[in-house]
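Comments concern the structure below.
The values are calculated or read from the model by the stated rules, or taken from the named source; none is laboratory data. The model shown is predicted, which means the values in this text are computed figures rather than measured ones. Note that we place each Cβ from the backbone using ideal geometry, even for glycine, and neighbour counts take in every protein chain shown. Note: areas computed on protein heavy atoms with side chains; ligands, DNA, RNA excluded. Shrake-Rupley method; radii C 1.70, N 1.55, O 1.52, S 1.80 Å.
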Amino acid sequence: MYSTAANAELALLLEVAGTPKPGNVDRERDLPDLRFEHFLAGAVGARPGLDALADPSVGVGEGFERAVAGMSEQSGGNTQFGALLVLAPLVRAAATGPCTPGRAREVVAATTVEDAAAFYRSFDHVDVFVGDPPPDAPDLDVRRGSAAVPAVRDRDLTLGDLMAESADRDGVAAAWTTGFERAFDAADDVAAADGPLADRAADAFLALLAEEPDTLVAEKHGDAVAREVTERASDLREAGVSVATDRDAVDAFADDLVDRGVNPGTTADLVAGALFVALEAHGVRP
């Protein structure tokens, strides 16, 4: 029987193995600055931090920072920062009770100012693409990393507070405020489906992308591009397209987004969370 941390590591590996995953690195597609092997190494490197997240004596923020530090030891840069941010409260929830949206909400509500400080320190380990901070809070710009920790402490902000502040513009932060409902719903679909888990991961990605625009795409390329990508995913889903039924159609979509440099990374992060829940709560196995 796999440990909770092992399931989280496996979720990261299965997420990148999901192919085709339009716009993202998969078994058949690298990006100019990121390769498939970087994601494999990032998942393995994150394991000590995932072990820490499964240990209730370690703060959620500290465990997350350790995971990011380990992930960043490969040469590609940021591979799974967002995925680890999705996994952090889910791993803690599963390690301390049932892996449910309600338990995930309790973990988020119990986060502390020190968790928030560790979250900021994690930006010291790797470059992460983020948008500008609110005009009234330049001192909370996450790109400042550990230099912003005094401002976090002065404002008495917990990690849950920080996620709530960003929920209207970041899909991972939004997941923190909703009990990761989208990830849990996708996990139900993964568990109910048949076939290789990597194919189910790819189908879960397309389904999530069809639901709502990816916030990373919106931040990088604008709302119109994000909506266009979601509409194309939705059209494929409405036509009954999946990896099993029409892989060529999904491949064409994937190749087009990679060629355009459009990367729905937030959606991939949620897939990692869904795969973890499928493994941990549903007992799904490759």
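Quick one: which of A207, A201, A218 is farther than 17 Å from V277 by Cβ and open to solvent by less than 30 Å² (accessible area, probe 1.4 Å)?
Selected residue: A218, the only one of A207, A201, A218 that is farther than 17 Å from V277 by Cβ and open to solvent by less than 30 Å² (accessible area, probe 1.4 Å).
Among the residues of the stretch 223-232, is there at least one that is among the small types (G, A, S), out of contact with any strand residue (DSSP E or B) (no Cβ under 6 Å at 6 or more places or on another chain) and within 24 Å of S166 (Cβ to Cβ)?
Yes, some residue in the stretch 223-232 is among the small types (G, A, S), out of contact with any strand residue (DSSP E or B) (no Cβ under 6 Å at 6 or more places or on another chain) and within 24 Å of S166 (Cβ to Cβ).
Which pairs do you get when a residue that is farther than 11 Å from A117 by Cβ, found in the stretch 140-151, comes within reach of a residue that is aliphatic (A, V, I, L, M) and part of a loop (DSSP other than H, G, I, E, B), reach meaning Cβ atoms under 7 angstrom, with the pair 6+ apart or on two chains?
V142/V130; R143/V130
Among the listed residues G70, G82, identify the single one that is in a helix (DSSP H, G or I), in contact with a Ser or Thr (Cβ under 9 Å, 6 or more places away or on another chain), surrounded by 21 or more Cβ atoms within 10 Å (Cβ to Cβ) and small (G, A, S).
Of the residues listed, the single one that is in a helix (DSSP H, G or I), in contact with a Ser or Thr (Cβ under 9 Å, 6 or more places away or on another chain), surrounded by 21 or more Cβ atoms within 10 Å (Cβ to Cβ) and small (G, A, S) is G82.
Can you confirm whether D235 is open to solvent by 60 Å² or more (accessible area, probe 1.4 Å), modelled with pLDDT of 95 or more and assigned to a helix (DSSP H, G or I)?
Yes, satisfied.
Quick check on my filter: what residues within the stretch 238-266 are surrounded by fewer than 16 Cβ atoms within 10 Å (Cβ to Cβ), aliphatic (A, V, I, L, M) and in contact with a Gly (Cβ under 9 Å, 6 or more places away or on another chain)?
Hit for the stretch 238-266 is A244, nothing else.
Out of (1) aliphatic (A, V, I, L, M); (2) modelled with pLDDT of 95 or more; (3) closer than 21 Å to A69 by Cβ, what's the single condition that is false for V130?
Of the numbered conditions (1) aliphatic (A, V, I, L, M); (2) modelled with pLDDT of 95 or more; (3) closer than 21 Å to A69 by Cβ, the odd one out for V130 is (2).
Considering only residues that are outside any loop (DSSP other than H, G, I, E, B), open to solvent by 10 Å² or more (accessible area, probe 1.4 Å) and of a type in the set (S, T, N, Q), which ones fall in the stretch 1-56?
T4
Output the residues belonging to the stretch 221-231 that are open to solvent by 30 Å² or more (accessible area, probe 1.4 Å) and without any contact (Cβ under 8 Å) to a residue 24 or more places away in the chain.
Passing the criteria: D223, A224, R227, E228, E231.
Is it the case, given these coordinates, that A151 is among the hydrophobic types (A, V, I, L, M, F, W, C) and within 26 Å of R260 (Cα to Cα)?
No, not satisfied.
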